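Novice: Sending over a structure as structure tokens; questions will come in a sec.
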Amino acid sequence: MSRISAAARLFSLVPLGVAGVLAATLVPRTASAQIAHAGVSASDIEHGIAIGRILIDAVHRSSSASASRRRSPTSSSSGASASTSSARVSASAARTARRVLDSGEEFIGTPYVWGGSTPKGFDCSGFVQYVYREHGVELPRTSRQMAHAGIGVAVRIASLAPGDLMLFSGSTSTISHVAIYAGNGRILHSSSSGHGVGYDRLDDTKRGRYFKSHFVAARRVIENGASLVQSLSLIERAVPFDHFDPPDQAPARP
């Protein structure tokens, strides 16, 4: 009898085919009975088992490849979903900041008034407080108190996002001025040296250098359209109102 025909006879003995041949190696008494009945030699069994293992390995590799292909689109989809979600969050934050800045721009040209907090005239913190209040964000009254509102941001222009508060010191190390960062190296604020509300660039002009060199703190008070400001009563207990912010000492706006 040829090896091929013997192997074929061996496979025909067990209804489960290859699995049955391998099972026979695990159940010696049953295997011996079947081998004796079929007239199959031990060598034939070895060849049959080898063939069975090759076939089972091939099926296993095929199943693994199929499972991998099924998982891949899911992983890709999950990554794309996370990226899309992050993009939506960033877009939401940008829209909120843009609304705040758009509101502030409506008051460009409004005169500087020490202690002012209305469209008739603003000091620096009065302007920032008024603009943010229009968007449901309640801030304390002075720049020193605002330095405790929201969350801290690194004191680097590169770390700022539009809508962040920039806080400046005066002739001493004490914070005495606040502006809204507008992006692209610009701030929107009400300053005595600028004669009221307007934009300034943080560039290499004398005025720009002044604000850059006096920049001492930054706070983020909105994120994704929501206020990050803690309870005003807590801030005011920690930093009580002392006095209105004094006029800034920057070089005059041209």
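Novice: Please determine whether any residue of segment 96-104 is surrounded by 13 or more Cβ atoms within 10 Å (Cβ to Cβ), over 20 Å from S191 (Cβ atoms) and polar (S, T, N, Q).
Specialist: Applying the first criterion (surrounded by 13 or more Cβ atoms within 10 Å (Cβ to Cβ)) to segment 96-104 yields 96-101, 103-104.
Now narrow it down to the ones that are over 20 Å from S191 (Cβ atoms): 96-99.
Imposing the further condition that a residue be polar (S, T, N, Q) reduces the set to 96.
Yes, that holds for at least one residue.
Novice: When you scan segment 117-140, how many residues do you find that are touching a residue at least 24 places away in the same chain (Cβ under 8 Å), of a type outside the set (A, V, I, L, M) and assigned to a loop (DSSP other than H, G, I, E, B)?
Specialist: 6
Novice: Moving on to the next point. Looking at V216, V197, which is the one that is part of a strand (DSSP E or B) and either of a type in the set (D, E) or crowded, with 22+ Cβ neighbours inside 10 Å (or both)? Before the answer, list the steps.
Specialist: Values: V216 fails: either of a type in the set (D, E) or crowded, with 22+ Cβ neighbours inside 10 Å (or both).
Testing whether each residue is part of a strand (DSSP E or B) and either of a type in the set (D, E) or crowded, with 22+ Cβ neighbours inside 10 Å (or both) leaves just V197.
Novice: On the given criteria, is V229 at pLDDT 95 or above, touching a helix residue (DSSP H, G or I) at 6+ places or on another chain (Cβ under 7 Å), more than 16 Å from C124 (Cβ to Cβ) and not charged (D, E, K, R)?
Specialist: Taking the combined requirement at face value, the residue does not satisfy it.
Novice: If you go through segment 132-143 one residue at a time, do you hit one that is touching a His at 6+ places or on another chain (Cβ under 7 Å) and not hydrophobic (A, V, I, L, M, F, W, C)? First the steps, then the outcome.
Specialist: Taking segment 132-143 first, the residues touching a His at 6+ places or on another chain (Cβ under 7 Å) are 143.
Now restrict to residues that are not hydrophobic (A, V, I, L, M, F, W, C): 143.
There is at least one residue in segment 132-143 that is touching a His at 6+ places or on another chain (Cβ under 7 Å) and not hydrophobic (A, V, I, L, M, F, W, C).
Novice: Here's something else I'd like to know. State which residue is nearest to Y130 (Cα to Cα) when the search covers only segment 169-182 and only residues that are out of contact with any helix residue (DSSP H, G or I) (no Cβ under 8 Å at 6 or more places or on another chain) and touching a residue at least 60 places away in the same chain (Cβ under 8 Å).
Specialist: So the residue we want is G170.
Novice: Quick one: which residue in R144, R156 is free of Cβ contacts under 8 Å to residues at least 12 places away in the same chain and not polar (S, T, N, Q)?
Specialist: Working: R144 fails: free of Cβ contacts under 8 Å to residues at least 12 places away in the same chain.
Of the residues listed, the single one that is free of Cβ contacts under 8 Å to residues at least 12 places away in the same chain and not polar (S, T, N, Q) is R156.
Novice: Further question on the same structure: Would it be correct to say that Y210 is assigned to a helix (DSSP H, G or I) and surrounded by 13 or more Cβ atoms within 10 Å (Cβ to Cβ)? Explain how you work it out, then say what you get.
Specialist: On the way: assigned to a helix (DSSP H, G or I): yes; surrounded by 13 or more Cβ atoms within 10 Å (Cβ to Cβ): yes.
In short, yes.
Novice: Quick test of your reading of the structure: E236 fulfils all but one of (1) in contact with a strand residue (DSSP E or B) (Cβ under 8 Å, 6 or more places away or on another chain); (2) touching a residue at least 40 places away in the same chain (Cβ under 8 Å). Name the failing condition by number.
Specialist: Unmet condition: (1).
Novice: To continue, here is another question. Output yes when any residue across segment 42-65 is surrounded by fewer than 17 Cβ atoms within 10 Å (Cβ to Cβ), of a type in the set (D, E) and either in contact with a Lys or Arg (Cβ under 9 Å, 6 or more places away or on another chain) or modelled with pLDDT of 95 or more (or both), and no when none is.
Specialist: Within segment 42-65, not a single residue is surrounded by fewer than 17 Cβ atoms within 10 Å (Cβ to Cβ), of a type in the set (D, E) and either in contact with a Lys or Arg (Cβ under 9 Å, 6 or more places away or on another chain) or modelled with pLDDT of 95 or more (or both).
Novice: Cβ-Cβ under 8 Å, sequence separation 6+ or interchain: first residue in segment 190-201 and in the same structural domain as L167 (by TED's automatic domain parsing) and acidic (D, E), partner in a strand (DSSP E or B) and surrounded by fewer than 20 Cβ atoms within 10 Å (Cβ to Cβ). Which pairs?
Specialist: D200/R186
Novice: When segment 225-248 is examined, which residues are found to be of a type in the set (S, T, N, Q) and either part of a loop (DSSP other than H, G, I, E, B) or not assigned by TED's automatic domain parsing to the domain that holds S193 (or both)?
Specialist: Here is the first cut: in segment 225-248, the ones of a type in the set (S, T, N, Q) are 227, 230-231, 233.
Answer for segment 225-248, where residues must be of a type in the set (S, T, N, Q) and either part of a loop (DSSP other than H, G, I, E, B) or not assigned by TED's automatic domain parsing to the domain that holds S193 (or both): Q230, S231.
The values are calculated or read from the model by the stated rules, or taken from the named source; none is laboratory data. The model shown is predicted, which means the values in this text are computed figures rather than measured ones. Glycine also receives a Cβ, built like all others from the backbone with ideal geometry; neighbour counts cover every protein chain displayed.
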